[in-house]
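This report refers to the structure that appears directly beneath it.
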Amino acid sequence: MKKDMHHYEDIINLLRPISKKHPQMSRQARAIQFAPFAALNGYKERIKETERLTIQKKDLDASQQEIINKKLQDILKNIDDCPNVMITYFIADLNKAGGKYITMTGQVKKIDSYQKRLVLLDGTIIKISDICQIDILSVLNEYNG
């Protein structure tokens, strides 16, 4: 054991060698070598995406669909007055199964029966099959076009 203790005695007090070829690295540059890094690019984002919750679209029964259809008929009768409505509808998630429900208010510009969608004055387009609730708030002629 004593032999190991004196093993570096001949070089322990020598000055550190300085390269003539490579300039001395600053303390900051040396510290950066030990900075943390992302070994897996995008891993954190993928974990966040996995944690994000979505819900499945609810299937409406016949009576709920009938109520929505009746309200859509009432809106269609007053379409020239741009009825103000509150709509809850499903938006499918683009990245994973399921989606979320949104509730918004707006004025109905038209009901496109060919493409089965509702178009609001602000440009929002809602598929009729995604609507789970609709309430007519008022019938106002605020549209000037």
Any hit, region 65-87, residues being loosely packed, with under 12 Cβ neighbours inside 10 Å, at pLDDT below 95 and not in a helix (DSSP H, G or I): no
Some residue of region 93-105 being touching a residue at least 40 places away in the same chain (Cβ under 8 Å), small (Gly, Ala, Ser) and outside any strand (DSSP E or B): yes
Residues satisfying the stated conditions in region 106-135, i.e. among the basic types (Lys, Arg) and either assigned to a strand (DSSP E or B) or touching a Pro at 6+ places or on another chain (Cβ under 7 Å) (or both): Lys109, Lys110, Arg117, Lys127
Filtered residue count, region 51-64, keeping only those that are hydrophobic (A, V, I, L, M, F, W, C) and part of a loop (DSSP other than H, G, I, E, B): 2
Selection from region 57-92 of residues that are touching a strand residue (DSSP E or B) at 6+ places or on another chain (Cβ under 8 Å) and either over 24 Å from Leu121 (Cα atoms) or of a type in the set (Ser, Thr, Tyr) (or both): Lys57, Lys58, Leu60, Gln64, Thr88, Tyr89
Matching residues, region 1-57, being over 30 Å from Gly98 (Cβ atoms) and at pLDDT below 80: Met1, Lys2, Lys3, Asp4, Met5, His6, His7, Ala35, Pro36, Phe37, Ala39
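The values are calculated or read from the model by the stated rules, or taken from the named source; none is laboratory data. As the structure is a prediction and not an experimental result, all values here were calculated from the model. Every residue, glycine among them, receives a Cβ derived from its backbone with ideal geometry; neighbour counts consider all protein chains shown.
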